[in-house]
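Below you'll find the structure, written out as structure tokens, and then a few comments.
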Amino acid sequence: MDDTYSHISNIYGMNHYEIDKPFQEILEFYAEKRLNLDRLGLYAGKELYEITDYIDKISPPVLKMWGIDGERIDSVLIDTMERQAIERLIKDFGINKPYFHGNPIIEHYAMGYLVADPGIYCIITLTHQTAYALHKYGNGAFNDYVSGLVGDSDNIMLGATWFTEIQGGSDLGANQTVAESKNNLWYLTGDKYFASNAGLADVSLTSAFHDGNHGAKGLSLFVLPRRNVNGDLNYHVRRLKEKSATKSVPSGEVELNRSEAQMLGDAGRGIYYITEDLMVSRLDNAAAACGIARKAYLEAYYYSMRRKTFGSLLIEHPGIKRDLLDMEVLLEGSIALTFKTIDLFNKSIKSEPPYDDDYNYTRLMTHIVKNITAESSSIITEMATELHGGIGFLSEFPIERWHREALITPIWEGASNIQALDMIEAIQRKEAHIKMLQDFNRMVNEIKDGRDIASSCYSIINESIDRILSMDDMESQFHAKYLMDLIGNSMASILLIYMGNKTGNNDFITAGKLYFRRYVEKKDYDNDALPLSDSLIHIERRERLIKNR
């Protein structure tokens with residue numbers, strides 16, 4: 001039987017881990033070992049690749065509000081292939097297990113990068129976030145939930161985090177959901193407008209005010225089961241959203257009407273737990289943004305190796321090489337920045353409110369990396385789509401989907417203006433920049449090849465921080481997004497050069513220097529970039545892993 005999908009995708013059937021040598025090297029650098037992800041790489045490149053595209057185009061989730069006996073069920077029907085994919089990722093591949101099994105959490109994010117599809121990965125990450133909070137702040141009371149959410153029990157569970165409401169969005173202090181206490185239970189009343197995994201989740205985390213509290217610092221966090229103690233439906237799903245992408249995750253509107261819940265952690269400290277949980281998911285967002293961009297790059301790269309125009313393969317044209325070089329350099333910087341931040345999170349993961357300096361440094365980096373990777377993913381997927389020409393605009397081919405999917409990454413978990421505001425707060429109030437500057441200064445001082453560029457980047461970071469600290473509130477907010485981009489891109493250049501020096505891989509040093517020229521200085525490459533392009537854009541070649549020094 002003809003394998004139809006292989007005719008519409010140039011990367012279908014490939015091991016998406018094995019062919020991605022830069023990712024392997026960056027991951028090994030921060031994990032300090034080579035992770036065994038070949039089996040997931042094969043699954044991501046074949047069955048999962050086809051399933052996610054099929055769900056997007058043909059079989060998205062459907063809300064079923066009524067059962068056959070006339071009872072309200074508010075359950076989401078998903079395609080059998082999607083259900084099996086979720087079960088395999090959680091149970092067989094153990095995507096949510098590392099942190100809960102005493103392993104570095106970086107392994108969860110590495111697997112998320114390979115999955116990439118933001119709809120499927122959103123279902124997974126919401127479940128992971130829920131387990132994370134229950135495990136860390138539940139004092140053992142929710143261990144049965146945690147076991148199901150991470151795939152340790154026979155009965156796999158799904159989780160959700162429902163924080164935002166229509167009137168406030170990211171402004172959680174504007175929420176209106178209230179909680180009342182009675183008979184050792186809490187009863188929640190309100191509407192959650194952006195509720196992903198609605199109709200799928202077995203247990204959700206949701207925010208509410210109680211006892212007359214208001215404002216972000218008056219929030220508490222609650223554990224909301226799908227069914228109450230009597231086994232009845234605990235809330236209603238009003239509808240599912242109509243979205244341009246991320247169709248495999250059902251996103252709906254949830255009505256809470258005296259819905260039974262239990263408080264998680266301490267009363268009035270919900271904003272701490274929520275922002276920490278958002279940090280977990282913002283790193284998921286960054287990993288997914290990089291993974292989406294990599295899928296798009298791979299499609300464009302292999303298409304350019306096969307498509308002929310004007311008598312030559314696309315990849316033989318200098319203009320196409322330039323596009324691929326732009327994409328690869330930007331992507332490698334984004335991946336390095338992402339997994340540096342994940343490594344910091346792994347080292348500060350035990351910190352609890354009001355948190356220590358290591359956690360605040362990680363938080364500052366998370367705001368920056370979330371913004372940089374989302375922007376990079378949108379740029380790279382657009383370029384990859386354009387490289388395909390008219391075919392790139394046809395929804396019958398998978399490349400078209402990747403740009404649509406990338407466009408959610410700047411929005412999920414707080415748009416760029418929110419990240420910029422939080423970055424300012426982390427600098428001005430938490431002084432998180434002090435630890436950051438110390439760390440990057442250390443890296444620059446350990447660099448030999450490319451130290452002049454790394455030093456220039458460090459000066460840019462330092463001067464940008466000084467600007468933020470010297471301005472009043474209105475001025476700092478006005479300039480924050482620009483400065484966040486400048487700081488993040490300068491960091492990415494340093495990290496690539498530093499990693500190249502430490503591993504002996506000259507390709508990373510080259511990428512870091514080109515990154516500085518193109519995305520920090522925002523200038524055209526010098527002429528010597530053309531002969532250097534081949535060593536970077538051919539990412540599957542073995543030499544990308546060979547230590548060149």
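Can you find a residue in the range 352-368 that is basic (Lys, Arg), open to solvent by 10 Å² or more (accessible area, probe 1.4 Å) and farther than 18 Å from Ser493 by Cα?
Yes, that holds for at least one residue.
Any residue in the range 384-402 that's of a type in the set (Asp, Glu): show its pairings with residues that are in a helix (DSSP H, G or I) and open to solvent by 60 Å² or more (accessible area, probe 1.4 Å) at Cβ separation under 7 Å, as long as the two are six or more apart or on different chains.
Glu400/Phe393
Could you please let me know if Asp343 is among the charged types (D, E, K, R) and touching a residue at least 60 places away in the same chain (Cβ under 8 Å)?
yes
Taking only pairs six or more apart or across chains, which ones have beta-carbon atoms under 6 Å, a first residue in the range 302-319 that is free of Cβ contacts under 8 Å to residues at least 60 places away in the same chain and closer than 17 Å to Ile11 by Cα, and a second residue that is in a loop (DSSP other than H, G, I, E, B) and open to solvent by less than 50 Å² (accessible area, probe 1.4 Å)?
none
Can you tell me how many residues in the range 484-506 are on the phi < 0 side of the Ramachandran plot and free of Cβ contacts under 8 Å to residues at least 60 places away in the same chain?
8
Would you confirm whether any residue within the range 138-148 is over 30 Å from Ile399 (Cβ atoms), assigned to a loop (DSSP other than H, G, I, E, B), open to solvent by less than 10 Å² (accessible area, probe 1.4 Å) and modelled with pLDDT of 95 or more?
Yes, the conditions are met somewhere in the range 138-148.
Does Thr80 satisfy being buried (at least 21 other Cβ atoms within 10 Å of the Cβ) and out of contact with any strand residue (DSSP E or B) (no Cβ under 7 Å at 6 or more places or on another chain)?
No; evaluated as a whole, the condition is false for this residue.
What about Glu25, is it open to solvent by less than 10 Å² (accessible area, probe 1.4 Å) and farther than 25 Å from Leu158 by Cα?
Spelling it out, Glu25 is indeed open to solvent by less than 10 Å² (accessible area, probe 1.4 Å) and farther than 25 Å from Leu158 by Cα.
Could you grab me the full set of residues in the range 226-257 that are surrounded by 13 or more Cβ atoms within 10 Å (Cβ to Cβ) and on the phi > 0 side of the Ramachandran plot?
Within the range 226-257, just Thr246 meets the criteria.
Take the conditions open to solvent by less than 10 Å² (accessible area, probe 1.4 Å) and farther than 19 Å from Ala289 by Cα and apply them to Ser395. Does it pass?
no
Within the range 532-549, take every residue that is closer than 16 Å to Gly512 by Cβ and at pLDDT below 90 and give me the one that is nearest to the chain's Cα centre (by Cα).
Per the stated criteria, the residue is Arg544.
Quick check on this structure: which one of Leu200, Leu221, Leu205 is surrounded by 20 or more Cβ atoms within 10 Å (Cβ to Cβ), over 29 Å from Leu407 (Cα atoms), at pLDDT 95 or above and under 24 Å from the mean Cα position of the chain (by Cα)?
Answer to the check: Leu221.
Restricting attention to helices (runs of 4 or more DSSP H) lying wholly within the range 434-549, give those where 3 or more residues are of a type in the set (Ser, Thr, Tyr) and closer than 28 Å to Leu324 by Cα.
The qualifying helices (runs of 4 or more DSSP H) are 451-470, 473-503.
Can you tell me which residue in the range 277-330 is nearest to Lys350 (Cα to Cα), limited to those that are polar (S, T, N, Q) and more than 13 Å from the chain's Cα centre (by Cα)?
Among them, the one singled out is Ser304.
Residues Ala85, Ala44, Ala31: which one is under 25 Å from Ala511 (Cα atoms) and either within 18 Å of the chain's Cα centre (by Cα) or at pLDDT 95 or above (or both)?
One residue alone meets the criteria, Ala31.
Within the range 236-251, can you find the residues that are touching a Lys or Arg at 6+ places or on another chain (Cβ under 8 Å) and closer than 22 Å to Ala208 by Cβ?
Within the range 236-251, His236, Ser251 qualify.
Go over the candidates Ile95, Ile68, Ile73, Ile124 one by one and state the one that is on the phi < 0 side of the Ramachandran plot, of a type in the set (Val, Ile, Thr) and assigned to a helix (DSSP H, G or I).
Ile124
Exactly one condition in (1) charged (D, E, K, R); (2) within 25 Å of Ala293 (Cβ to Cβ); (3) open to solvent by 10 Å² or more (accessible area, probe 1.4 Å); (4) assigned to a helix (DSSP H, G or I) is not met by Glu87; state its number.
Unmet for Glu87, out of (1) charged (D, E, K, R); (2) within 25 Å of Ala293 (Cβ to Cβ); (3) open to solvent by 10 Å² or more (accessible area, probe 1.4 Å); (4) assigned to a helix (DSSP H, G or I): (2).
Among (1) open to solvent by less than 20 Å² (accessible area, probe 1.4 Å); (2) in contact with a helix residue (DSSP H, G or I) (Cβ under 9 Å, 6 or more places away or on another chain), there is one condition Thr164 misses while meeting the rest; what is its number?
The single condition Thr164 does not satisfy is (1).
Would you point out which residue out of Ser281, Ser259 is part of a strand (DSSP E or B) and among the small types (Gly, Ala, Ser)?
Answer to the check: Ser259.
Would you point out which residue out of Ser304, Ser378, Ser348 is over 30 Å from Lys136 (Cα atoms), touching a helix residue (DSSP H, G or I) at 6+ places or on another chain (Cβ under 6 Å), surrounded by fewer than 21 Cβ atoms within 10 Å (Cβ to Cβ) and of a type in the set (Ser, Thr, Tyr)?
Ser378
Considering every residue within the range 169-182, establish whether at least one is under 26 Å from the mean Cα position of the chain (by Cα) and β-branched (Val, Ile, Thr).
no
Which residue pairs have Cβ atoms under 6 Å apart, sit 6 or more places apart or on different chains, and have a first residue in the range 186-201 that is under 12 Å from Arg238 (Cα atoms) and a second that is open to solvent by 10 Å² or more (accessible area, probe 1.4 Å) and assigned to a loop (DSSP other than H, G, I, E, B)?
If the second residue must be open to solvent by 10 Å² or more (accessible area, probe 1.4 Å) and assigned to a loop (DSSP other than H, G, I, E, B), the pairs left are Tyr193/Ile166; Phe194/Thr164.
Only one of (1) under 27 Å from the mean Cα position of the chain (by Cα); (2) farther than 29 Å from Leu27 by Cα is not met by Arg467, so which one is it?
Going through the list (1) under 27 Å from the mean Cα position of the chain (by Cα); (2) farther than 29 Å from Leu27 by Cα, Arg467 breaks only (1).
The values are calculated or read from the model by the stated rules, or taken from the named source; none is laboratory data. These figures come from a predicted structure and were not determined experimentally. We place every Cβ from the backbone using ideal geometry, glycine too, and count neighbours over all the protein chains shown. Please note that ligands, DNA and RNA were not included when accessible areas were found on the heavy atoms of the full protein model with its side chains. Shrake-Rupley method; radii C 1.70, N 1.55, O 1.52, S 1.80 Å.
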